[in-house]
Amino acid sequence: MTGSEAPPSFRLAYVPGVTPTKWVRIWNERLPDVPLTLVGVSPAEAPGMLRDRGADAGFVRLPIDRTDLSAIPLYVETTVVVVPKDHIVAAVDEVSVEELADEIVLHPLDDTLDWERPPGRPALERPATTADAIELVAAGVGLLVVPQSLARLHHRKDLTYRPVSDVPQSQVALSWPEEATTDLVEDFIGIVRGRTVNSTRGRKAPAAQAQGRDWGQGQGQGQIQDQAKKQRKSAGNKPAGKSAAKAGGKSTGQGPRRASGSGSKGGKRGKPRRRS
């Protein structure tokens with residue numbers, strides 16, 4: 001690396017309600033030499049930040065304009081209505097759109113639900129942000145319908161929430177610029193999708209597999225060498241007479257017993273066996 005080259009790094013954008021802690025932890029374990037920087041961004045600003053290379057990848061809420069952007073849908077959130085704890089809705093487990101018809105339902109400008117027509121009666125003005133709408137709910141001005149993660153993010157002791165049926169749901173996706181699908185982006189995609197370090201779909205898998213093959217080949221060669229050493233050692237420990245007899249038997253075409261019988265006359269002979 002030359003002095004003009006910057007060290008590798010990874011910038012990850014995320015919208016409110018998304019908690020990237022688990023994926024960041026895995027990244028730090030697998031790529032400790034590549035720092036990951038989190039960049040908080042509003043849902044409306046996230047696509048533009050990715051196109052302007054303000055982040056390498058980001059967690060966004062669908063739908064978005066996918067021009068020049070790739071996106072992998074990850075999960076769909078439950079939609080809930082945020083109400084004061086003493087509201088009648090707090091007494092039930094779930095509500096429908098029809099049951100909110102007479103309620104003032106706030107519709108913030110940063111709303112992430114793709115409404116054709118929000119439920120309930122509209123407020124005189126739209127709050128600028130979801131955080132502002134939460135304050136209005138606490139003041140008794142109206143109710144707020146949001147993805148469940150946003151209700152948790154803006155949790156207050158005097159508020160609660162209940163699931164709403166028959167309404168749009170928010171889908172979270174991982175997105176990045178199509179023309180900037182770098183190796184680091186591929187690494188992060190693998191982490192989000194749950195791939196292991198040695199996954200065949202990961203970009204580092206071929207190197208890991210090659211290393212495994214080299215190790216196996218080295219082990220095999222080592223075993224062959226060890227076996228050869230053992231055979232040489234075993235051959236060296238055998239009595240010379242037996243080795244010579246075997247060698248002689250092979251060279252003359254005679255068996256070892258006959259070859260040994262051609263020695264001196266003074267040699268002792270064994271007693272003949274008694275026939276049964």
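Tell me which residues, restricted to the range 20-41, are β-branched (Val, Ile, Thr), open to solvent by 50 Å² or more (accessible area, probe 1.4 Å) and not in a helix (DSSP H, G or I).
If the condition is that a residue be β-branched (Val, Ile, Thr), open to solvent by 50 Å² or more (accessible area, probe 1.4 Å) and not in a helix (DSSP H, G or I), then Thr37 is the only one that fits.
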How about the range 113-196: which helices (runs of 4 or more DSSP H) wholly inside it have at least 2 residues that are farther than 28 Å from Ala71 by Cβ?
-> 130-138
Flag for Gly17 being within 20 Å of Ala131 (Cβ to Cβ), in contact (Cβ under 8 Å) with a residue 12 or more places away in the chain and surrounded by fewer than 12 Cβ atoms within 10 Å (Cβ to Cβ) | no
Reported set for the range 73-95 where residues are in a strand (DSSP E or B) and loosely packed, with under 14 Cβ neighbours inside 10 Å is Pro73, Tyr75, Val76
Any idea which residue in the range 42-68 is farthest from the chain's Cα centre (by Cα), counting only those that are in a strand (DSSP E or B) and surrounded by 19 or more Cβ atoms within 10 Å (Cβ to Cβ)?
-> Arg61
Are any of the residues in the range 104-111 outside any loop (DSSP other than H, G, I, E, B) and touching a helix residue (DSSP H, G or I) at 6+ places or on another chain (Cβ under 7 Å)?
-> yes
In the range 149-194, which residue that is crowded, with 17+ Cβ neighbours inside 10 Å and polar (S, T, N, Q) is farthest from Val34 (Cα to Cα)?
-> Thr160
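The values are calculated or read from the model by the stated rules, or taken from the named source; none is laboratory data. Remember, it's a predicted structure, so these values are computed and weren't measured experimentally. Cβ atoms come from the backbone with ideal geometry, glycine included; neighbour counts cover every protein chain shown. Note: areas computed on protein heavy atoms with side chains; ligands, DNA, RNA excluded. Shrake-Rupley method; radii C 1.70, N 1.55, O 1.52, S 1.80 Å.
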